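Read-outs throughout are calculated quantities, based only on the coordinates presented, and are distinct from any laboratory measurement. Because the structure is a prediction, the values reported are computed rather than measured. Positions of Cβ are backbone-derived with ideal geometry, glycine not excepted, and every protein chain shown enters the neighbour counts.
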Amino acid sequence: MTEKPNLDSLLQPFQRFGVHLGLKRIEKLLTDLDNPHHQVPIIHVGGTNGKGSVCAYLSSVLTEAGYRVGRYTSPHLVDWTERICLNEQPIEPQILAEILQHIKDKIDPNQESPTQFEVITAAAWLYFAQSQVDIAIVEVGLGGRLDATNVCDRPLVSVITSISREHWQRLGPTVAHIAREKAGILKANCPVVIGKLPPEATEVFTGKIKELNCLVTWVEPAEVSSHNSGYAQYQGIEYPLPLLGEVQLSNSALAMAAIQILQQKGWQISTAAIQAGMKKTSWLGRLQWMEWKNLPLLIDGAHNPAAATALRNYIDTQAKSVIWVMGMLSTKDHQDIFTALLRPKDQLHLVPVPDHSTADPQELADLGQQVCPQLSQCKTYTDLFIALEIVKNRQDSESLVVLCGSLYLIGYFFKNL
């Protein structure tokens, strides 16, 4: 049996270059790789929350319609191969290792090194070109204007899911600043699909659309089907909605609007393919129910205030008190996330996020008690699984156990199951 390649060791050397926004390095790297991105038609998906869900819907539907579909998303939860998929299947580790080695061989040690994200993004472009995909669904990593995915000048469709305040340390202090960065993926005379935005973001996008002469579709959320439970309806097409939470009415509608634009361009996507593709859509670690040692768990990233609000809205439909098991990165808006999530009589169990810039659990505990003094319990632990064991032994059927706060924490959970 062939030994599984160590992808971490191939990518680790580039981690020291951190997050360094800009297109110069990725464009140089792609030029040295014979410009694989020029061979790949794409739908480019940006925004704050909902990007992954929209990518999952689009990839599933287009696969069902019979196309050869690439999908590039980030971050991964367990394994690097999750980021690069072909027709819903992650890239084979050996193939990714060979592509990464090829890329490393092309990098001039005397030039400024690409970042880790730029290297894995280049790997995606190369794999999609080699696989001769009909289309790739490409998720923006951070921001948009200077993101390594923003190297195609003629996307089939650009999608903006939502805009809220996140990564403000890099993108700017206000929603308008952030909107300007995310609007950087719009291209002249190319169609764009946009979800519901705050007024200051709408103003930014309206100006950019006019400047670039984009054909814009402003998307309202789909409606809940009046006669089919678990179904939604968008512009006369009814489809299953397997991903949980009211926010999926918006995310699925954005995917549907993008599909309609492809249909107008001549892509053959039947109603049956839409319905079957929507039904098969899955997205790991987002409003996902599972069991751990017979303990029912709701798992969600909820790594920024808008995502936390969406999680809380879903939980409020369950009408139970909540036992929170949480860890967060040091860079996140802890107070706003706690404000969105915590309610009187809830329990809060705080853990570190391993191998990342974690917020200190004790500092989070102090903040959580300030935000919601009526918590019934607030404790800290040195590891997630210690917290889960204690919660499991004390949990009652009246409470809902929720693991959230960071996608990296969710990834650590899955990796160690």
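Order these by the 10 Å Cβ neighbour count, fewest first: GLU139, GLU211.
Starting with the residue having the fewest Cβ neighbours, the order is GLU211, GLU139.
For region 61-116, the list of GluC sites (Glu not before Pro) that fall in a loop by DSSP and count at most 14 other C-beta atoms within 10 angstrom reads GLU112.
Estimated at 0.36 nm per residue, the fully extended path between ALA188 and ASP383 surpasses their Cα-Cα distance by 65.3 nm. Note on the chain: helix-only mean residue ellipticity at 222 nm, from DSSP H runs of 4+ residues weighted -39500 (n - 2.57) and normalised by residue number, equals -11500 deg cm²/dmol. Say the cut-off is 27 Å between C-alpha atoms; which of LYS280/LYS392; LYS182/LYS279; LYS24/LYS182; LYS51/LYS208 go over it? Correct reply: LYS280/LYS392; LYS182/LYS279. Restricting region 64-122 to trypsin sites (Lys or Arg not before Pro) that sit in a DSSP loop and have at most 15 other Cβ atoms within 10 Å of their own Cβ leaves ARG68.
Taken about its Cα centre, the chain carries a charge dipole of about 440 debye when Lys and Arg each add +1 at the Cβ and Asp and Glu each add -1 at the Cβ.
Fewest neighbouring Cβ atoms within 10 Å first, the residues ARG154, ARG180 line up as ARG154, ARG180.
Amide H to amide H, with H built 1.01 Å from N, VAL159 comes under 5 Å of HIS44, VAL45, GLY46, VAL193, counting only residues 5 or more places away or on other chains. Farthest towards the positive end of the charge dipole of region 288-415, among the residues ALA307, LEU348, LEU295, is the Cα of LEU295, using unit charges on the Cβ of Lys, Arg, Asp and Glu. Our coupling estimate for region 378-386, obtained by passing each phi through the Karplus curve with A = 6.51, B = -1.76, C = 1.60 and θ = phi - 60°, is 8, 9, 10, 9, 8, 7, 4, 6, 5 Hz, Gly and Pro reported as x.
Please state the shape class of region 288-415: rounded when a/c is under 1.5, otherwise prolate if a/b exceeds b/c and oblate if not, all from the C-alpha gyration tensor.
Working: a/c = 1.25, a/b = 1.07, b/c = 1.17.
It is rounded, given that a/c, with a ≥ b ≥ c, falls under 1.5.
Taking the DSSP beta bridges with both ends in the chain, the antiparallel portion is around 35 percent. Here is the list for region 181-234: trypsin sites (Lys or Arg not before Pro) lying in DSSP coil, each with at most 16 other C-beta atoms within 10 angstrom of its C-beta, are LYS196. Distance from the C-alpha centroid of region 22-47 to that of region 61-100: 17 Å, rounded to the whole angstrom. Each of LEU375, LEU329, GLY277 was placed along the dipole of region 221-376 (beta-carbon charges, centred on the mean Cα), and the one lying farthest toward the positive end is GLY277. Remark: region 335-348, residue by residue, has Karplus-estimated 3J(HN,Hα) of 5, 5, 5, 4, 4, 5, 9, 7, 9, x, 6, 5, 10, 10 Hz, where x stands for each Gly or Pro and the curve is 6.51 cos²θ - 1.76 cosθ + 1.60 at θ = phi - 60°. In plain terms, the chain from GLN89 to GLN101 could stretch by 2.2 nm, reckoned as 0.36 nm per residue minus the Cα-Cα distance. Taking a straight line from the alpha carbon of LYS415, these aspartates and glutamates sit under 12 Å away, with near neighbours fewer than eight places off in the same chain left out: ASP79. For region 227-273 versus region 342-394, the spacing of their alpha-carbon centroids is 38 Å. In this Cβ point-charge picture (+1 for Lys and Arg, -1 for Asp and Glu), region 278-417 has a dipole of about 520 debye about its Cα centre.
With neighbours defined as other Cβ atoms within 10 Å of a residue's Cβ, the residues ASP336, ASP383 order from fewest to most as ASP383, ASP336.
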